[in-house]
Structure formats: structure tokens, C-alpha cells
Amino acid sequence: MRLDLAADYLVIATMLAEIKSRMLLPRPDPEEEDEEDPRAALIKRLQEYERFKNAAETLDDRPRLERDLYLVYARVEDPDPPKMEARVELDDLVAAMRSAMMSAARRQHLQMVPETFSVRERMTQILDRVRSGEYVALGDFFTSEEGRKGLVVSFIAILELVRDDILTVAQNEAFSQIHVKAKSA
């Protein structure tokens with residue numbers, strides 16, 4: 001049982017009983033009437049109650065976390081993760097590409113004829129170079145004549161071949177040169 005709610009009802013009931021009993025009694029002279037009208041106090045309290053009730057309904061209509069909104073956490077795992085050798089980190093590959101891009105940018109001159117590069121063609125060229133089974137330095141696949149576009153196409157072609165498990169990438173120690181080799185069948 002909620003005692004505070006019951007107490008509020010009792011206070012209101014006594015106020016109503018007081019108001020009704022005063023209404024039944026004969027009225028005193030208007031000059032003697034110095035005290036506040038109990039009906040006005042009751043009306044004031046009822047209006048205040050109505051304002052609080054409306055504010056509570058407004059707040060209740062707003063969506064609340066864990067009542068109306070639920071956070072969903074889902075872990076999506078790759079069913080077939082790519083197989084890569086642990087000797088080369090992705091950061092090392094990105095650093096090598098960044099170094100090659102800066103080197104190409106320093107040597108790049110104004111080119112008048114735009115060249116088109118194909119990732120498939122570059123993949124074929126890379127496979128031809130590593131067909132012997134020997135390690136080839138990663139930097140050997142980038143030429144300054146082709147500029148940044150050629151460098152990006154070469155890098156994407158190498159990443160595609162590694163993802164397709166055709167090439168293997170190796171590095172002897174941290175910060176040393178990265179080498180690429182065709183995987184043996």
C-alpha cells in the first residue's frame with residue numbers, strides 16, 4: 001500500500017469536508033472575512049497537480065533507453081578469413097606504399113598524356129616477374145615514370161594477389177625491405 005498517496009487523498013478529503021461544512025454554516029459579515037477562501041486553495045492545488053500530471057505524461061511519452069530503445073551489439077565474423085603469413089604486418093605494407101608514393105611524388109614531372117592503368121594487367125605483369133620463384137623486392141614493382149597512379153595500381157594488384165593466396169609477402173626483420181614471392185603450388 002502506498003502511504004504517501006493515501007495521505008494525500010486524506011488531506012484532500014478533509015479539505016473538501018471543511019469546504020462543505022463552511023458552505024452549510026451561515027455566512028459571516030464580509031468585513032470580518034480576512035482569511036483565505038479554502039476553495040481557492042483547493043483549486044490552486046488541483047491546478048498544480050494537473051500541471052505535474054501533464055508534465056509526467058509528456059516525459060513518459062518520450063522514448064527511454066532500455067524501455068523503448070534497446071542497444072544491440074552484434075559481432076560479425078568473416079566466415080572465411082584470408083590466410084596471410086604473420087611475418088608482415090599491414091602497417092609495414094602501408095608504410096612501404098607511403099614511402100614509394102613520396103619517392104614517386106618527388107620525381108614526378110608534368111605529364112601531358114593521361115595513361116590508363118589496369119589492375120588485371122598489372123597483376124599479370126607482377127606474376128610474370130615472380131614466376132621464377134625468387135623473392136622480388138616490393139619497391140621493384142613501382143616505377144617513377146608511372147607516377148602515383150601506377151604506384152597505386154601496382155600496390156592494389158599485389159594486395160589482390162596476396163588475398164587470392166597467389167603471392168606471399170615476407171620481411172626478414174622490422175623496418176627492413178619487404179619481398180614478394182609466388183606461392184608454390
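Quick note: the coordinates plus some simple rules give every number you see, no bench work behind them. As the structure is a prediction and not an experimental result, all values here were calculated from the model. Every residue, glycine as well, gets a Cβ built from its backbone with ideal geometry; the counts of neighbours run over all protein chains shown.
Two numbers describe the Cα atoms of the stretch 3-61: Rg and Dmax, which are 15.5, 50 Å.
Shape analysis of the stretch 90-182 based on the Cα gyration tensor places the equivalent ellipsoid semi-axes at 22, 17, 10 Å, largest first. Which loop GluC sites (Glu not before Pro) in the stretch 145-185, with loop taken from DSSP, have no more than 11 other Cβ atoms within 10 angstrom of their Cβ? Those satisfying the criteria are 173. Taking a straight Cα-Cα cut-off under 16 Å and skipping sequence neighbours fewer than 8 places away in the same chain, the lysines within cross-link reach of residue 53 are 44.
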